[in-house]
Amino acid sequence: MTIYSDYDLFAWVYNKHWGESFVQLIFPLIENLILQYIPPKARILDLCCGTGQLAQMLIDRGYQVTGLDGSKEMLRFARENAPDGEFIVADARSFKLPDIYHATVSTFDSLNHVMTLEELTSVFRNVYAALRKGGLFLFDLNMEEGYMTDWNDNFGIVEEDHVCVIRSNYNQEEQIAQFDATIFYPENGWQRSDLTLLQKCYSELEILSALEVAGFTEIHSYSYNLQSDLIELTTDAGRAFFICQKPLETNVS
Ligand SMILES: C[S@@+](CC[C@H](N)C(=O)[O-])C[C@H]1O[C@@H](n2cnc3c(N)ncnc32)[C@H](O)[C@@H]1O
């Protein structure tokens with residue numbers, strides 16, 4: 001399997017415009033669902049860590065963070081943004097790490113980039129294998145309502161030194177969302193780069209079943225309201241948070 005690297009061309013724009021904002025929004029949820037339950041200086045795996053802003057916030061609070069991502073360019077920024085983090089280029093669908101982590105987090109709909117349920121189940125198995133017994137796993141995903149509401153849009157960013165135009169659309173029949181970016185930047189005149197990122201929409205039931213198949217227990221799904229309070233997940237939620245645990249005792253049969 002090739003390593004997922006679709007963000008390489010997008011990395012510097014992501015670092016500038018996206019890397020900080022979502023993490024600030026959801027950090028209270030990470031504190032609420034994960035950090036209060038793990039020891040000080042615990043080891044945390046930031047799966048699909050992107051440009052490392054979350055890794056640095058966790059390091060600032062004393063945690064030992066390993067960031068894993070398929071994009072070397074995203075990780076180049078992550079190493080700058082979180083110089084004390086450990087960063088690994090690997091694919092979420094195939095990575096293997098020893099079972100030393102107290103928690104794994106995967107934020108900003110990273111796992112929607114995994115395009116089949118079979119592969120998503122492999123991701124969950126890999127996370128399970130890397131967690132200590134009792135370890136926690138938190139991730140968020142875009143849900144159908146989010147794609148229907150937010151992913152049929154065009155917008156642009158215009159700055160002194162770059163212009164970025166985004167087009168997004170959602171194919172409800174295929175349950176696939178597409179994000180096209182065209183970036184112009186000055187280099188011997190203006191240069192243009194184009195990239196496409198795809199996401200797959202999963203139902204709550206599919207995700208819960210895949211987590212169970214991978215061995216997780218204590219599985220809960222949430223959404224959040226405008227005040228960032230956790231609320232019960234309902235079908236009108238655009239984004240869902242899933243939290244689950246590797247059991248303290250694994251059954252030997
Ligand atoms: C939307 S960004 C989120 C980055 C970061 N978690 C954040 O909250 O800002 C998605 C990230 O997931 C990574 N990614 C997607 N699929 C991946 C895969 N199969 N293996 C490794 N990384 C992957 C991309 O390279 C990208 O850095």
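Counting only heavy atoms of the protein chains and using a 1.4 Å probe, residue 198 has close to 70 Å² of accessible surface. For the pair residue 182 and residue 84, label points projected 7 Å from Cα toward Cβ lie 4.5 nm apart. Taking the Cβ-Cβ separation of residue 31 and residue 148 as r and a Förster radius of 41 Å, what is the calculated FRET efficiency to the nearest 0.05? Using R0 = 41 Å, I get an efficiency of 0.85. In straight-distance terms, cross-link reach from residue 246 covers every one of the lysines whose alpha-carbon lies under 20 Å from its own, apart from those fewer than eight places away in the same chain; here that gives 41, 96, 133. Roughly how many Å is it from the Cα centre of the range 216-237 to that of the range 28-50, as a whole number? Computed from Cα coordinates, the inter-centre distance equals 18 Å. Which of 178, 191, 24 ends up with the largest GNM mean-square fluctuation for the chain, with Cα atoms connected below 10 Å? Maximum fluctuation in the GNM of the chain, among the listed residues, is at 191.
The values are calculated or read from the model by the stated rules, or taken from the named source; none is laboratory data. No experiment lies behind these values; they were computed from the predicted model shown. Here the Cβ is made from the backbone with ideal geometry for all residues, glycine too, and neighbour counts use every protein chain on show. Just so you know, the surface numbers come from the protein's heavy atoms only, side chains and all, with ligands and any DNA or RNA stripped out. Shrake-Rupley method; radii C 1.70, N 1.55, O 1.52, S 1.80 Å.
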